[in-house]
Amino acid sequence: MSSHTDTFTPLRSVLYMPSSNAKALEKAKTLPIDGVIFDLEDAVAPDAKPAAREAAAAAVASGEYGRRTLTIRVNGIGTQWHDDDLVAAAQAGPAAIVVPKVNSAKEVRQLVTKIEKAGAPAHTKLWAMIETPIAILKAHKIATASDRLGAFVLGTNDLVKELYCEHVPGRAPVLPSLHQALLAGRAAGIAVIDGVYNDVKNIDGFLAECEQGRQMGFDGKTLIHPGQVDGANAAFAPSEQAVDEARGLIAAWEEGKGAGVVTYNGKMVENLHVESAQRTLAIHDAISALGG
């Protein structure tokens, strides 16, 4: 179970929604997503940003999104909208404020000071977008800079751009960077959410990348289209087989306590296997509580 919260919060599917688009905000209420990022940054034109800010704050306060994890992505540090975005987001009190291009522990501490000064409630975390070479190199320092930091969100498009590498199936050019971010996030006990998949019409490519993300250890994936939600939810949820195996393994462990060696399905069971099985069931139970 992730140590960043007392109870496991599923983040299999986290969808970016342009906050300037009232229809999109309405649509998000009906989608089976684990999380929403009300976006004030890339998806919003400069002249629409103030209105989008108000719309995102209103959406968070509305209480109309059920048990979905609601977050607001502000414009980046140093932009003309950043400070106003941060204050409005802090006062709205979402589950998290998502900040693009966080590049140092110092920036994390400054961001936390600002949102606390603006009156952010205790439950509002900071989610740092990791999308530059320097952020990857400083990932552990960033991850451990504040107790308010709740997650890393990978910005793979920017990372590809800054590395001068290419988007290719299997993501070989960025795998070391993704792994570095995962190592840092897991060492710090925070969630780590994979980057977006750009080609919304290539379902097979998207599903393959979800599968890869799950195998690597990501909690879930950020999404740019509602059509990607079901695939991410399925990929990052434990399969029925995995749940059955976890239950069987834990039962065998309980039964065999004190017997020295415990085996399940012919394999030796150790404490670490039990912990993994417990995490699988915690994820499964949390997803079931969301209604699937």
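All of the numbers you see were taken from the coordinates with simple rules; none came from a lab. Keep in mind the model is a prediction, meaning the values are calculated, not measured. Note: ideal-geometry Cβ built from the backbone for every residue, glycine included; neighbour counts use all protein chains shown.
Between Val112, Val14, Val274, the GNM of the chain built on Cα springs shorter than 10 angstrom shows Val274 fluctuating the most.
Only aspartates and glutamates eight or more places from Lys106 in sequence, or on another chain, were considered; those with a Cα closer than 15 Å are Asp147. For the stretch 198-257, applying the loop criterion from DSSP together with a ceiling of 14 other beta carbons within 10 Å to the GluC sites (Glu not before Pro) yields no site. Pairs spanning more than 24 Å between alpha-carbon atoms, out of Lys29/Lys221; Lys138/Lys221; Lys49/Lys201; Lys101/Lys125; Lys49/Lys114: Lys49/Lys201.
Amide H contacts of Val269 (H built 1.01 Å from N, in plane; Pro and chain starts excluded): Val262, Thr263, Tyr264 sit under 5 Å, all sequence-distant by 5 or more or on other chains. Summary of the geometry: the stretch 64-104 and the stretch 155-227, compared by the centres of their Cα atoms, lie 21 Å apart. Would you look at the GNM of the chain, springs on alpha carbons closer than 10 Å, and say which of Gly66, Gly155, Gly220 moves the most? Between Gly66, Gly155, Gly220, it is Gly66 that shows the largest mean-square fluctuation. Distant-in-sequence amide contacts of Leu223, defined by a placed amide H-H separation under 5 Å and a gap of 5 or more residues or a different chain, comprise Val14, Leu15, Tyr16. Classify the stretch 240-289 from the C-alpha gyration tensor, please: rounded if a/c falls under 1.5, else prolate or oblate depending on whether a/b exceeds b/c. Because a/c hits 1.5 or more and a/b exceeds b/c, the stretch 240-289 counts as prolate.
Other residues with beta-carbon under 15 Å from the beta-carbon of Gln80 carry, at +1 per Lys or Arg and -1 per Asp or Glu, a net charge of -3.
From helices alone, the chain scores -14000 deg cm²/dmol at 222 nm; the rule is -39500 (n - 2.57) for each run of n ≥ 4 DSSP H residues, then divide by the residue total. Among Cys210, Cys165, a tally of other beta-carbon atoms within 10 Å of each Cβ gives an order, fewest to most, of Cys165, Cys210. Please find, in a Gaussian network model of the chain (springs between Cα atoms separated by less than 10 Å), the residue of Met216, Met268, Met17 whose mean-square fluctuation is greatest. Of the options given, Met268 has the highest mean-square fluctuation.
Shape of the stretch 26-131 from the C-alpha gyration tensor: prolate (a/c of 1.5 or more and a/b above b/c, with a ≥ b ≥ c the square roots of its eigenvalues).
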